[in-house]
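Participant: Please see the structure below; I have some questions.
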Amino acid sequence: MYSFTMTLDKAVSEVAATSSPVEFRLDPTSGVPTYLQIVQQVEHALRLGYLKPGDQLPKVREVVASLAINPNTVLKAYRDLEHKGLASGRPGRGTFIDASLGDATLPVLAELRQSLRSWLTQADAAGLDEEGVVALVTSTLRDFSERRGVDDHRGAGARSTGSAIA
């Protein structure tokens, strides 16, 4: 599993005080190549709305200094993001986000995160360990996705009438 510094509970002004709203973290035991961990972390931040078009990614030299990795690894990750149409390099200025992968706003995500924390507290009290939580969430997500796929085949009219997914 990979991770990066990202706090949805922080005020936007606190985040704006830093040079970049994301700080990469590597998991050398994950088996995932370093450049791909960086790409996945950017995509994750985009999906959560933490990064948005116009945001600057950390400069290559900053990432190299903080993670003690080869500059070519960071360049490869940033090139991959460019090929995906998510970012672009600006000579002498850095790499900037060009596209988004999520539509949720930070306040909505913070509220969902608080709900999830409450649910996790209930799951813990029920005796579920981390693997049990992952198994339950995975199967529920699969059921949800399958159900949503069935609903999508009914057409837009079924969704616009307020039909709920159980």
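Participant: Just one of the numbered conditions (1) of a type in the set (A, V, I, L, M); (2) in contact (Cβ under 8 Å) with a residue 12 or more places away in the chain; (3) exposed (fewer than 13 other Cβ atoms within 10 Å of the Cβ) is not true of Val134; which one?
Facilitator: Status for Val134: all satisfied but (2).
Participant: Right, next: Right, Arg61: more than 19 Å from the chain's Cα centre (by Cα) and on the phi < 0 side of the Ramachandran plot or not? Outline the logic, then answer.
Facilitator: Working: more than 19 Å from the chain's Cα centre (by Cα): yes; on the phi < 0 side of the Ramachandran plot: yes.
Yes; evaluated as a whole, the condition is true for this residue.
Participant: Please find, among Asp151, Asp143, the residue that is touching a helix residue (DSSP H, G or I) at 6+ places or on another chain (Cβ under 7 Å), surrounded by 11 or more Cβ atoms within 10 Å (Cβ to Cβ), modelled with pLDDT under 95 and not assigned by TED's automatic domain parsing to the domain that holds Ser20.
Facilitator: On the way: Asp143 fails: touching a helix residue (DSSP H, G or I) at 6+ places or on another chain (Cβ under 7 Å).
Matching residue, one of Asp151, Asp143: Asp151.
Participant: Which number in (1) modelled with pLDDT of 95 or more; (2) closer than 15 Å to Ala99 by Cα marks the one condition that Leu46 misses?
Facilitator: Against the list (1) modelled with pLDDT of 95 or more; (2) closer than 15 Å to Ala99 by Cα, Leu46 comes up short only on (1).
The values are calculated or read from the model by the stated rules, or taken from the named source; none is laboratory data. Please read all numbers here as calculations on a predicted model, not as lab measurements. Glycine gets a Cβ as well: all are built from the backbone with ideal geometry, and neighbour counts include every protein chain shown.
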